[in-house]
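Accompanying notes for the structure given below.
Where a number appears in this text, it was derived from the coordinates with a stated rule and is not lab data. Everything quoted here is computed from the prediction, not taken from an experiment. For neighbour counting, all protein chains shown are included, and Cβ atoms are generated from backbone atoms with ideal geometry for every residue, glycine included.
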Amino acid sequence: MKRVIIGISGASGALFGIRALEALAPLPDVECHLILSPGAIRTLVEETDWTADAVRALADVVHAHGDVGAPLASGSFRAHGMLIAPCSIKTLSGIAHCYDADLMVRAADVCLKERRPTVLLVRETPLHAGHIDLMARATASGAVIMPPVPAFYHRPRTIDDIVNQTVGRAFDLLGIDAGTVHRWKETQEP
């Protein structure tokens, strides 16, 4: 059983986190742990028709954002890896500076110190030098920075196509095939 931690922060793009949860739900060998920030709940209201309770229902286990004493806060908790989708600059800053004031940042810090894959879908544009420095610091600690930049070789027709491809590629970085990726020259339509 692979335990995967999904964090949804308050950046725009909550749909990436929701889709990650939806993609993991049918996988029999994955146990999904969710951390939903207060900012994410606000973003859900602004960007989607989802409620926080409906998003929580997609996960196997839900952890309170402020509970820094949760099992995820310890290296002894066996997790396969973590995806923060989307990852706000505030969350990135906490991770880059090991400022474990909430469970999302602490869980990412634990994954990094235990050398577990940690993928951050940093959602900000344009970037200034401070943002780039934070990404470099997080990368130096082992995080994979993956801004949700769409691919077009698979000829997406809908926003869902773009979101599915992005989430699937993020899962590739965690070593999980959720079945949502159109691979280059493998599944292209004529």
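Looking only at residues in the range 104-154 that are of a type in the set (Asp, Glu) and part of a helix (DSSP H, G or I), the one that is surrounded by the fewest Cβ atoms within 10 Å (Cβ to Cβ) is 133.
When 115, 19, 56 are screened for being basic (Lys, Arg), under 27 Å from residue 137 (Cβ atoms) and touching a residue at least 12 places away in the same chain (Cβ under 8 Å), only 115 passes. Scanning the range 24-39 for residues that are crowded, with 23+ Cβ neighbours inside 10 Å and either in contact with a Ser or Thr (Cβ under 8 Å, 6 or more places away or on another chain) or charged (D, E, K, R) (or both) gives a single hit, 37. Selection of the range 155-188 for residues being surrounded by 15 or more Cβ atoms within 10 Å (Cβ to Cβ) and in a loop (DSSP other than H, G, I, E, B) yields 156, 176, 178, 180, 181, 182. Helices (runs of 4 or more DSSP H) fully within the range 1-103 that include at least 2 residues being among the hydrophobic types (A, V, I, L, M, F, W, C) and closer than 18 Å to residue 170 by Cβ: 14-24, 89-96.
The number of residues in the range 36-71 that are touching an Asp or Glu at 6+ places or on another chain (Cβ under 8 Å) and either of a type outside the set (Asp, Glu) or at positive phi (or both) comes to 6.
Considering 84, 5, 18, 95, the condition of being among the β-branched types (Val, Ile, Thr), more than 20 Å from residue 112 (Cα to Cα) and buried (at least 18 other Cβ atoms within 10 Å of the Cβ) is satisfied by 18 alone.
Just one of the listed residues (119, 105) is touching a Gly at 6+ places or on another chain (Cβ under 8 Å), among the hydrophobic types (A, V, I, L, M, F, W, C) and closer than 17 Å to residue 167 by Cα, namely 119.
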